[in-house]
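Just below is one structure, and these are the notes that go with it.
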Amino acid sequence: MPYFEPRTPAAGTDFDDTLGGRLSHARDCAGLTLEAVARGVDMHSATIRYWEADRAAPSLASIRKLAAILGVSQLWLLTGEGEGPGHGCPDTPILPLVSRDFSRKLHRRPRRTGA
């Protein structure tokens, strides 16, 4: 698998330092779920999760598909240079982060207390 050297983040952006960070940011900006992106590139959602966590890297063929689905350039996904997410997307997508945190808390099973 190809290895991508992390770049120094641009001023005020934390998502710009790795391919996984850019992928996650672009997916959030596009309003797509892991499952939707996974269907678009014909992969499992766990694979997309690994890519976003920089535990694995997509092939160049997958980069092409991801760029088309997310509306960004292949160059931006790989390097952070070029056409990234639209201007309407904030640098730090706070709502998806907060939503994910609350969703995790709401979907937890209640703990059983003593008998």
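With θ set to phi - 60°, apply the Karplus curve 6.51 cos²θ - 1.76 cosθ + 1.60 along region 51-62 and write out the HN-Hα couplings as whole Hz, x wherever there is a Gly or Pro.
Taking θ as phi minus 60°, the curve returns 4, 5, 8, 6, 8, 8, 10, x, 6, 5, 5, 5 Hz for region 51-62.
Mind giving me the nanometre distance, one decimal, between the label points for residue 49 and residue 79, set 7 Å out from Cα along Cα→Cβ?
Simple spin-label model gives 3.3 nm for this pair.
Every number here is computed from the coordinates shown, using simple stated rules; none is lab data. In this text, all values refer to a predicted model and were calculated from it rather than measured experimentally. Glycine gets a Cβ as well: all are built from the backbone with ideal geometry, and neighbour counts include every protein chain shown.
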